[in-house]
1. Residues Val53, Val25, Val6: which one is farther than 20 Å from Ile99 by Cβ and buried (at least 16 other Cβ atoms within 10 Å of the Cβ)?
2. Just to be sure before I move on: is Leu76 over 20 Å from Ile103 (Cα atoms) and buried (at least 18 other Cβ atoms within 10 Å of the Cβ) in the structure I sent?
3. Please list, ordered by residue number, the strands (runs of 3 or more DSSP E) wholly in the stretch 23-112 having 3 or more residues that are at pLDDT 95 or above, of a type in the set (D, E, K, R) and under 23 Å from Thr12 (Cβ atoms).
4. Could you tell me how many of the residues in the stretch 9-19 are closer than 25 Å to Glu72 by Cα and either surrounded by 12 or more Cβ atoms within 10 Å (Cβ to Cβ) or out of contact with any strand residue (DSSP E or B) (no Cβ under 7 Å at 6 or more places or on another chain) (or both)?
5. Taking Arg90 as the residue in question, decide whether it is touching a helix residue (DSSP H, G or I) at 6+ places or on another chain (Cβ under 8 Å), of a type in the set (D, E, K, R) and within 25 Å of Asp5 (Cβ to Cβ).
6. Does the stretch 34-77 hold any residues that are among the polar types (S, T, N, Q) and either more than 16 Å from Thr16 (Cβ to Cβ) or out of contact with any Gly (no Cβ under 8 Å at 6 or more places or on another chain) (or both), and which are they?
7. For the stretch 28-43, which positions are of a type outside the set (Gly, Ala, Ser) and surrounded by fewer than 18 Cβ atoms within 10 Å (Cβ to Cβ)?
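The values are calculated or read from the model by the stated rules, or taken from the named source; none is laboratory data. Nothing here was measured: the structure is a model prediction, and the numbers come from that model. Every residue, glycine as well, gets a Cβ built from its backbone with ideal geometry; the counts of neighbours run over all protein chains shown.
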Amino acid sequence: MAQNDVCHIGSTVTITGRVSGSQPVVVAGRLDGEVRLTAPLTVEAGAAVTADVSATRVIVRGTLTGNVEATESLTLETNARVEGDVRTPRLGIAEGATIRGSIDMSAASAATES
């Protein structure tokens, strides 16, 4: 996939509804609703996502409110905030980032037991 195949939601844009697809999405503005991707989702610093999220990789630099299922990994960078339940096999949390909710990493356990 080419670098220009990334969908950018600008800092002054608000989207309400369902976002789905197979290309990476970068949110710099606001997204309210539901996100279902077979690609990565990035929530930039200053951005706010209020949605249940399913994506391959999720990188949070801003605020994400809702349940998260990241099939490959979830990364919270400095000052990121997630409020909701998380399910992922790999989790990275930088100093200053917070999660408020439950964390389920059983997918990683199941893969190592097989």
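1. Working: Val53 fails: farther than 20 Å from Ile99 by Cβ; Val6 fails: buried (at least 16 other Cβ atoms within 10 Å of the Cβ).
None of the others qualify; the one that does is Val25.
2. No: the conditions fail for Leu76.
3. Because the criterion is at least 3 residues that are at pLDDT 95 or above, of a type in the set (D, E, K, R) and under 23 Å from Thr12 (Cβ atoms), the strands (runs of 3 or more DSSP E) in the stretch 23-112 that meet it are 30-37.
4. Here is the first cut: in the stretch 9-19, the ones closer than 25 Å to Glu72 by Cα are 9, 17-19.
Now restrict to residues that are either surrounded by 12 or more Cβ atoms within 10 Å (Cβ to Cβ) or out of contact with any strand residue (DSSP E or B) (no Cβ under 7 Å at 6 or more places or on another chain) (or both): 9, 19.
Count: 2.
5. On the way: touching a helix residue (DSSP H, G or I) at 6+ places or on another chain (Cβ under 8 Å): yes; of a type in the set (D, E, K, R): yes; within 25 Å of Asp5 (Cβ to Cβ): yes.
It is true that Arg90 is touching a helix residue (DSSP H, G or I) at 6+ places or on another chain (Cβ under 8 Å), of a type in the set (D, E, K, R) and within 25 Å of Asp5 (Cβ to Cβ).
6. Residues satisfying the conditions are Thr38, Thr42, Ser54, Thr56, Thr63, Asn67, Thr71, Ser73, Thr75.
7. Looking only at the stretch 28-43, we keep the residues that are of a type outside the set (Gly, Ala, Ser), and these are 30-32, 34-38, 40-43.
Result: Asp32, Glu34, Arg36, Thr38.
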